[in-house]
Amino acid sequence: SDVYKRQQLDRPILLLDEVLAVGDYSFQKKCFSYFECEKRKKKTIILVTHSSNLLKKFADRIIWIENGKIKKIGNSSDIIDEYEKNK
């Protein structure tokens, strides 16, 4: 039911692993709207993605993990710039 779904998503930390790698445009649009709403509520969202565009849009801080180890933690624009230079 919708009430059950809302209860499952009403948590202090939301972990999303490559959620936008699947789904059609309509699904992605709903996800973007949900992310923006949760971000305005100051919720912690852990978004696992390879998409620099998604990170630019939604991330304030980034943990760059490479080969299973933390390479860098910091401001999203700084980390994305460095990542794109090292691709």
Which one is least open to solvent (accessible area, probe 1.4 Å) among residues in the range 50-87 that are more than 27 Å from residue 37 (Cβ to Cβ) and of a type in the set (Lys, Arg)? 72
Those helices (runs of 4 or more DSSP H) lying entirely in the chain with at least 1 residues at pLDDT 80 or above: 25-40, 52-58, 76-86
If I filter the range 34-49 down to residues being β-branched (Val, Ile, Thr) and open to solvent by 50 Å² or more (accessible area, probe 1.4 Å), which single residue comes out as farthest from residue 19 (Cα to Cα)? 44
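The values are calculated or read from the model by the stated rules, or taken from the named source; none is laboratory data. What you see is a predicted model; the values in this text were computed from it and never measured. Because the Cβ atoms are built from the backbone with ideal geometry, glycine has one as well, and the counts that use them run over all protein chains shown. SASA here: full protein model, heavy atoms, side chains in, ligands and nucleic acids out. Shrake-Rupley method; radii C 1.70, N 1.55, O 1.52, S 1.80 Å.
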